[in-house]
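What follows draws every value from the coordinates through simple rules; no lab data is involved. Predicted, not measured: the structure shown is a model, and the values here were computed from it. Cβ sites come from the backbone with ideal geometry, for glycine too, and all protein chains shown count toward neighbours.
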Amino acid sequence: MTIKDKTAIVGIGQTAYGKSLPGSELSLACQAIKAALDDAGIAPSEVDGMGSYAMEANVEADVARNLGTGDVTWFSQVGFGGGAGCGVVGNAAMAVAAGQCRVAIAWRARKRGARTSRPWAQTAERVKGLGEWSRPWGLVRPVDEIAMLTRRYMHEYGATREHLANVAVAFRKHANRNPAAQMHAKPMTRDDYMAARWISEPLCLFDNCLETDGAVACVITSADRARDLRQPPALIHGFGQGINPQHQVMTNYHRDDPLMGPAWACSEVLWRNADIGPDDVHVAQIYDAFSPLIPLSLEGYGFCKRGEGADFTNDGALEWPDGRLPTNTSGGGMSEAYVHGFNLIVEGVRQIRGTSTSQVDGAETSLVTSGEGVPTSALLLRKP
Amino acid sequence: MIQGAPLPAVTEDSAGFWEGTAAGELRIQRCSSCGRLRFPPRPMCPYCNSLSYKWAPMSGRGRIWSFVVPHPPLLPAFAELAPYNVIVVELDEDPTIRLVGNLLDDPDGAINDVDPSTIGIGEPVQVVFQPAGEDVVLPRWVRA
């Protein structure tokens with residue numbers, strides 16, 4: 001038994017994205033969820049399922065009291081930060097398919113535009129668990145942790161900053177076409193990229209995602225119900241989560257091959273339960289807290305072989321409209337907004353609806369992934 | 001010592017490691033049942049599920065597996081030292097046992113003494129020990 005094509009994303013909603021938005025995180029969450037329900041044409045009183053990130057500050061009961069839901073009969077959270085997004089939606093799809101609820105909402109709301117809101121800046125005097133074996137030596141931020149893997153990747157496979165620039169420039173071009181993107185009015189050339197200041201060598205400023213205040217939400221229900229709703233449904237064709245053997249969160253330096261992250265495990269179940277393979281994916285939204293996650297994810301999800309992810313990005317491969325795999329067509333975390341990857345999910349839905357600002361002609365299949373480098377997840381969406 | 005730098009919590013699982021560094025030894029968990037090394041420390045051997053282990057002294061020799069050079073914005077304690085290096089070292093005894101550390105010019109050196117442009121993956125290194133607080137001695141590395 002699988003959940004293939006049994007459920008669909010039928011509503012999407014988002015707030016503005018910015019450096020300093022008015023309103024609390026709870027207010028932002030409620031605004032995005034209400035927008036998603038309105039988009040679907042479903043009343044809040046019908047919501048009976050709620051999925052969210054374990055890192056989400058707005059708990060289900062509070063969100064439910066604001067929205068005015070009826071009885072909520074399923075709720076669940078997924079851990080591991082940026083790895084959670086597709087897992088939140090996929091778990092909601094499983095709950096709908098299993099009959100535990102009929103209309104589920106899933107969301108992410110954050111206010112991290114301000115410097116003081118950055119999680120790493122709250123590092124305790126004594127570190128236990130995440131960072132215990134790295135932060136005391138000055139490997140403090142997520143960018144440092146991923147830069148370590150990046151240097152090794154460059155060493156083993158000949159990847160260069162030119163490859164990372166391919167990623168950053170492609171996503172910026174897409175953001176420049178998307179009025180909702182934080183970088184909509186800010187073009188970036190390859191020279192701009194090369195001249196940017198270092199953050200953690202070998203990664204520079206433009207290898208990093210944005211810092212964003214904002215919220216994003218979607219509505220999941222059965223494929224049967226979806227037929228009668230306001231919007232064309234994006235069927236949830238495939239779903240995966242993954243933790244691979246001996247993985248350590250973020251500082252994944254302790255397994256035989258640290259350059260193979262959880263995407264490799266997630267990919268296995270994603271494709272095993274799908275009718276299509278990587279060659280059949282028309283457009284992708286790949287989690288991009290940092291540019292090197294793109295080549296690593298391309299390898300993990302089977303778009304190319306091990307070590308070929310950097311070269312895959314050459315010749316405009318990621319760029320709309322003519323690239324072989326237009327990727328992060330709204331600008332992604334690096335140039336649209338960083339809402340912990342949830343904005344990638346609603347862009348994946350827009351591509352299936354045909355409403356992206358960088359719409360891939362005739363897109364019928366759309367892959368969305370959550371963060372590589374942490375326990376992760378992915379969704380495969382398709383047209384009915 | 002780097003004033004204000006975060007220190008590791010000494011836990012039930014990690015105490016043997018920190019007792020080792022305080023005694024001037026790099027000690028890694030070795031399963032008493034199957035003999036495999038494991039790091040970071042944890043209660044159960046993932047290869048044979050034994051709960052019994054010993055803290056095995058290592059030679060302290062290894063090679064640089066990768067490195068980064070952080071720049072601000074950083075925690076204040078590290079921002080003052082930036083740019084500095086952070087390295088990952090794979091141990092000679094088992095190259096899948098990798099530790100995060102810093103490369104120094106000499107055992108009493110600072111984490112920003114080495115010119116980052118001279119650091120190379122594969123360089124042989126030797127562990128040294130630096131007190132980092134009242135009860136914690138951190139392993140760092142010099143060129144072998």
Check: Dipole magnitude of segment B:70-131 about its Cα centre, charges +1 at Lys/Arg Cβ and -1 at Asp/Glu Cβ only, in debye to the nearest 20?
Finding: 280
Next item on the list: Compare A:Glu60, A:Glu162, A:Glu132 in a GNM of chain A, Cα atoms joined below 10 Å, and give the one with the largest fluctuation.
Entry: A:Glu132
Check: Between A:Ser24 and A:Asp228, what FRET efficiency comes out of the Förster formula 1/(1 + (r/R0)^6) with R0 = 35 Å and r the beta carbon distance, rounded to 0.05?
Finding: 0.50
Check: Computed over the Cα atoms of the protein assembly as shown, what is the convex hull's projected area averaged over all directions, in nm²?
Finding: 23.5
Note to self: If you take each beta carbon of peptide B:13-20 and count the beta carbons of other chains within 10 angstrom, what is the mean?
What the structure shows: 1
Note to self: Output wanted: per-residue J couplings in Hz (rounded whole) for segment A:143-154, from phi through Karplus 6.51 cos²θ - 1.76 cosθ + 1.60, θ = phi - 60°, x for Gly and Pro.
What the structure shows: 5, 5, 5, 7, 4, 4, 5, 5, 4, 5, 4, 4
Margin query: Just want the ordering: B:Glu90, B:Glu12, from fewest to most Cβ atoms lying within 10 Å of their own Cβ.
Written below: B:Glu12, B:Glu90
Check: Mean separation of Cα pairs under 8 Å and 6+ residues apart, divided by the residue count of chain A: what relative contact order is that in percent?
Finding: 25
Check: To the nearest 0.05, what FRET efficiency results for A:Ile243 and B:Asp106 with a Förster distance of 56 Å applied to their C-beta separation?
Finding: 0.85
Check: In peptide B:60-72, how many Cβ atoms from other protein chains are near each Cβ within 10 Å, on average?
Finding: 6
Note to self: Compute the distance from the alpha-carbon center of segment A:185-229 to that of segment B:1-37, in whole Å.
What the structure shows: 39
Margin query: Whole-Hz ³J(HN,Hα) for each residue in segment A:363-368, computed from phi via Karplus 6.51 cos²θ - 1.76 cosθ + 1.60 with θ = phi - 60°, x for glycine and proline: what do you get?
Written below: 4, 10, 9, 8, 9, 10
Item checked: Among A:16-22, A:309-315, A:347-353, the order from most to least packed when residues are scored by Cβ within 10 Å on average -> A:347-353, A:309-315, A:16-22
Check: When the helices in the protein assembly as shown are scored as -39500 (n - 2.57) per DSSP H run of 4 or longer and the sum is shared across all residues, what 222 nm value do you end up with, to the nearest 500 deg cm²/dmol?
Finding: -7000 deg cm²/dmol
Notebook entry, point to check: Based on the Kirkwood radius over alpha-carbon pairs, what is the Stokes-Einstein translational diffusion coefficient of segment B:59-144 at 4 °C with 1.567 mPa s viscosity, in µm²/s?
Noted result: 99
Next item on the list: Using a 10 Å cut-off on Cβ to Cβ distances, tally the other chain neighbours for every residue of B:73-81 and report the average as a whole number.
Entry: 4
Next item on the list: Only Lys, Arg, Asp and Glu count, each charged at its Cβ (+1, +1, -1, -1), so figure out the dipole size of the protein assembly as shown about its Cα centre, rounded to 20 debye.
Entry: 760
Item checked: Inter-centroid distance (Cα atoms) of segment B:41-85 relative to segment A:111-144, Å -> 15
